[in-house]
Every structure is written in C-alpha cells, then in structure tokens.
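The values are calculated or read from the model by the stated rules, or taken from the named source; none is laboratory data. For clarity, every value in this text was computed on a predicted model and none was experimentally measured. Here the Cβ positions follow ideal geometry from the backbone for every residue, glycine too, while neighbour counts run over all protein chains shown. Each accessible area value is taken on the protein alone, full model and side chains, heavy atoms only, with ligands, DNA and RNA left out. Shrake-Rupley method; radii C 1.70, N 1.55, O 1.52, S 1.80 Å.
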Amino acid sequence: MKSLKNIQDALKKLGLDAWLLLDFRGNNSIAHEIVEMPDNMHCTRRWAVLIPAHGTIRTLVHAIEDFTLAHIDAEHTIYAGHEGWHKGLQSFVDSYPNIAIEYSPMNAIPTASKVDAGTVELLRSMNASIHSSADLLQMIAAVWTKEQMQENLEFTAPTLGAIMHETFDEIRSTIVRSGKANEYAIQQFVMKRFAETGLMTYSEPIIAKDINAASPHYAPSSSQHAEFGPDTIVLIDMWACPAHGHGTYSDITWMCHTGTSMTEEELSVFNAIIAARNAGISLFEARFNKHQHVMGCEVDDAVRAVINERGFGQYFVHRTGHSITTETHGPGANMDNYETIDTRTVLPMTSCSIEPGIYIPGFVGMRTEIDMVFMEDGKPIVSGIPAQQEMMYLG
C-alpha cells in the first residue's frame with residue numbers, strides 16, 4: 001500500500017484520528033489505489049481498512065474472502081454477516097471517531113465522493129465525526145516524487161512540446177503536397193512519434209478542424225474524421241507520459257491556422273483564451289511572490305473572468321484545469337469553480353493544467369492549454385515549451 005508514514009503524517013497534520021477506506025465490488029477506486037490492491041484480486045464482499053494517525057493498521061474482511069487484504073501488514077478482523085460488519089465498523093469508530101472517508105459535503109468534489117449515502121448514515125449512527133478525505137488524498141496521491149519531477153521537466157514535457165511542433169510541420173507539408181490533410185492521419189502521426197520517442201498515452205490525441213473543435217472533446221477516429229485544407233483553424237490537444245508507465249503526464253493544447261490570417265472574430269476568440277490563460281499563470285506567480293496559497297476555485301474564477309469580460313462566457317463550458325499525476329486527470333486540486341467547487345489548496349510538488357476554451361457551435365472551437373508545475377518551495381513554472389502567445393500560422 002501507499003507509504004504508511006506519509007499517510008500518518010498527513011493525518012496528524014490535518015488533525016484526524018484515522019482514514020477509513022471502504023469498498024464494495026470496486027465502487028471505491030481511491031481505496032483500491034491507496035491499498036494498492038492487486039489487479040487480479042477477487043473482491044465480491046465489503047471490506048474496510050482503518051489507517052490511524054498513530055498505531056497499527058486494522059482491516060475488516062469477509063470470511064469467504066479473508067485473503068483480500070493479506071498483502072497489508074495489519075491487524076485483520078474477519079466478519080461474515082451484516083451484524084459482524086456493523087460490529088467491526090463500530091469498533092473502528094469507538095477507537096477513532098474523527099475519521100476521513102471518500103465523501104464530499106454536498107458532492108462539491110465528485111472525484112472525492114465514493115462512499116454511498118447509506119454508509120455515511122451508518123457511520124454517523126455510530127457517532128463517527130466524518131470528514132472528506134479530499135485533502136488527505138491530494139497529499140498522498142497527487143504529490144510527485146523528485147524523480148518524477150525531474151523526468152517530467154527534462155524529458156516528458158519538452159518531448160511533448162517538440163512533437164507538437166513536428167505536428168505543425170506534418171500538417172504544413174501534407175497540405176503543400178496533397179492540398180489537404182486528414183484529422184485521423186495527423187493523429188496517427190502523433191501516435192507514431194510517441195512510440196518513437198518513448199512516450200505513451202491512454203487515449204489518442206485530439207486533432208480537430210474549426211467546426212469539429214467546437215465540440216470540446218471531439219476526437220477523430222478511423223471511422224469518423226474530417227479533411228481540411230488551406231485557411232483552416234485546427235486544434236491540437238495531446239497528452240502523454242513516459243512509456244515505462246511510472247512517470248507523470250504532460251498535457252498541452254495549441255491552435256494552428258493553415259493559412260496566413262484570421263478573421264476579426266476568430267482573432268478575438270483566440271486573444272480571449274490566451275489572455276485568460278495568462279491570467280491564471282499570473283495569479284499563481286503573484287500569490288507565490290506574496291507567500292500566499294491558491295485554491296483551485298480561485299484560478300477558475302480569475303481565468304473565467306477574462307472570458308466573461310470579452311463576451312464569450314456562455315461558450316466556456318468546462319472547468320479551467322485539472323490535477324495531473326501519473327494520470328492525466330489526477331486526484332489533486334482541480335482549477336474549478338464551475339463544474340464543481342474545488343476549495344483545495346494547490347500543493348508544492350504537484351501539477352495542474354490551465355486550459356480555457358471557447359466553443360461556438362457551427363463556427364469554431366479554440367483552446368489553449370499549459371501545465372503548471374509547482375516546485376518543492378511552491379514556485380510555479382510552465383513546463384515544457386513556452387506557452388503559445390500567437391497563432392501558429394502554417395501557410
């Protein structure tokens with residue numbers, strides 16, 4: 001399982017008695033991640049792991065699956081019927097009443113809300129004082145190691161940035177040669193370059209011409225894609241991590257134009273997303289210089305305010321950014337006060353994206369995305385290549 005010392009240190013820092021991890025048939029992915037449940041483990045019954053701020057880990061497992069948590073060095077208790085389950089939980093609560101579970105008040109942070117309402121009711125009936133594990137989870141699962149930080153800054157992020165510029169060259173040369181380019185073919189070019197440079201991804205990148213990009217998560221496939229020629233706006237969103245599978249992701253989005261100029265309306269959209277993204281970067285820098293923390297929701301507010309002021313607020317239909325770990329969408333603070341209300345503080349040795357977008361149906365979609373990486377002292381930097389400031393013209 002994850003480092004017991006780190007978990008206990010975090011519990012003490014947060015003033016909690018214990019972290020109670022509960023699962024039934026895989027409904028709590030966070031619990032599986034923290035205990036590092038083997039992929040092939042057969043789990044059909046409820047189980048629990050109590051990690052105290054002080055003392056020994058305790059588990060509660062069903063009699064027919066007493067092997068479920070055998071890989072954890074703990075004091076194991078076996079139950080069978082529902083009375084045994086309730087008795088086991090009550091003993092946990094009696095010893096450690098002030099507990100964190102995967103619960104978010106008013107479901108403010110859905111990614112941290114895994115425990116069902118009935119179980120929350122049950123624990124409260126046992127006089128448990130329940131707290132969200134969202135901050136605890138971020139401290140344990142969203143913080144990068146020094147090795148991950150170094151690899152991301154020296155290899156992953158710059159390599160992804162280089163492939164982005166290679167993709168622009170591929171689009172340009174394809175249009176010069178054939179008069180048009182194909183979204184899917186360009187996507188497959190990116191995938192080929194990932195493989196050749198030692199990167200991998202869980203899903204293929206987004207290559208979307210103007211109108212298709214108005215659907216924020218549109219992605220071409222072998223059966224659904226479009227061609228585009230000169231004088232077309234194209235959105236390119238790519239994310240990847242080292243092929244060994246233990247490194248952190250980089251995730252960037254750039255805009256390009258296969259001609260030489262945009263219309264006035266297109267330019268106003270592009271300038272709005274760039275200014276909004278820069279406002280997010282500036283907020284992090286200003287707070288760091290004042291030795292002040294930043295909450296994810298504050299970044300969303302700062303970025304969204306710019307787009308609202310430019311008159312495009314109704315077309316910015318997603319959060320500003322997400323936590324980045326060994327997953328593109330990690331368990332740390334998201335830059336969000338729109339889809340959710342993320343009041344978590346952004347921590348040192350973590351990363352997040354800033355990616356405002358404007359999506360006007362039937363016209364165009366534009367997004368700019370950079371990754372912010374926060375050093376050990378909290379200093380914010382933009383990883384990889386410098387952030388896009390001007391449209392990349394390919395004509």
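Structural remarks
- Tallying residues that are under 17 Å from L347 (Cβ atoms) and hydrophobic (A, V, I, L, M, F, W, C) within the stretch 278-295 yields 5.
- Restricting attention to the stretch 334-345, the residues that are in a loop (DSSP other than H, G, I, E, B) and within 20 Å of T253 (Cβ to Cβ) add up to 4.
- Test: residue in the stretch 174-190 that is open to solvent by 70 Å² or more (accessible area, probe 1.4 Å) and either aromatic (F, W, Y) or in contact with a strand residue (DSSP E or B) (Cβ under 7 Å, 6 or more places away or on another chain) (or both): yes
- Within the stretch 196-232, the set of residues being free of Cβ contacts under 8 Å to residues at least 60 places away in the same chain, under 23 Å from the mean Cα position of the chain (by Cα) and outside any loop (DSSP other than H, G, I, E, B) comprises L199, M200, I206, I207.
- Of the helices (runs of 4 or more DSSP H) contained entirely in the stretch 69-158, those carrying at least 2 residues that are open to solvent by less than 20 Å² (accessible area, probe 1.4 Å) fall at 82-95, 117-125, 134-137.
- Unique match (being more than 32 Å from the chain's Cα centre (by Cα) and under 30 Å from Y393 (Cβ atoms)) among T167, T156, T174, T77: T174
Every residue, every condition in (1) open to solvent by 30 Å² or more (accessible area, probe 1.4 Å); (2) part of a helix (DSSP H, G or I); (3) modelled with pLDDT of 95 or more, yes or no:
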position: A272; (1), (2), (3): no, yes, yes
position: R277; (1), (2), (3): no, yes, yes
position: E285; (1), (2), (3): yes, yes, yes
position: Q292; (1), (2), (3): yes, no, yes
position: V303; (1), (2), (3): no, yes, yes
position: T328; (1), (2), (3): no, no, yes
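- For beta carbons closer than 8 Å, sequence separation of 6+ or different chains, a first residue in the stretch 264-279 that is under 18 Å from P380 (Cα atoms) and without any contact (Cβ under 8 Å) to a residue 24 or more places away in the chain and a second that is open to solvent by 10 Å² or more (accessible area, probe 1.4 Å) and in a helix (DSSP H, G or I), there are no qualifying pairs.
- Pair list, Cβ < 9 Å and 6+ apart or interchain, from the stretch 85-99 residues that are more than 9 Å from L123 (Cβ to Cβ) to residues that are open to solvent by 50 Å² or more (accessible area, probe 1.4 Å) and in a helix (DSSP H, G or I): none
- Single match in T260, T248 (criterion: part of a loop (DSSP other than H, G, I, E, B), crowded, with 21+ Cβ neighbours inside 10 Å and either at pLDDT 95 or above or not acidic (D, E) (or both)): T248
- Only one of the numbered conditions (1) assigned to a helix (DSSP H, G or I); (2) under 30 Å from H329 (Cα atoms); (3) open to solvent by less than 60 Å² (accessible area, probe 1.4 Å) is not met by K13, and that is (3).
- F189 being touching a helix residue (DSSP H, G or I) at 6+ places or on another chain (Cβ under 8 Å), within 16 Å of T328 (Cα to Cα) and either small (G, A, S) or not in a strand (DSSP E or B) (or both): no
- Selection over the stretch 296-337 of residues that are of a type in the set (F, W, Y) and within 15 Å of A279 (Cβ to Cβ) gives a count of 2.
- Residues within the stretch 147-195 that are closer than 30 Å to P348 by Cα and touching a residue at least 24 places away in the same chain (Cβ under 8 Å), tallied: 17
- The residues in the stretch 379-395 that are aliphatic (A, V, I, L, M) and out of contact with any strand residue (DSSP E or B) (no Cβ under 7 Å at 6 or more places or on another chain) can be counted, and the count is 1.
- The stretch 17-45, residues that are charged (D, E, K, R), in contact (Cβ under 8 Å) with a residue 24 or more places away in the chain, part of a loop (DSSP other than H, G, I, E, B) and surrounded by fewer than 21 Cβ atoms within 10 Å (Cβ to Cβ): E36
- Test: residue in the stretch 309-320 that is within 15 Å of the chain's Cα centre (by Cα) and crowded, with 22+ Cβ neighbours inside 10 Å: yes
- Every pair of residues 6+ apart whose Cβ atoms lie under 6 Å, when the first sits in the stretch 62-77 and is closer than 20 Å to Q90 by Cα while the second is modelled with pLDDT of 95 or more and part of a loop (DSSP other than H, G, I, E, B): H62/R45; A63/A80; A74/I57; E75/T56
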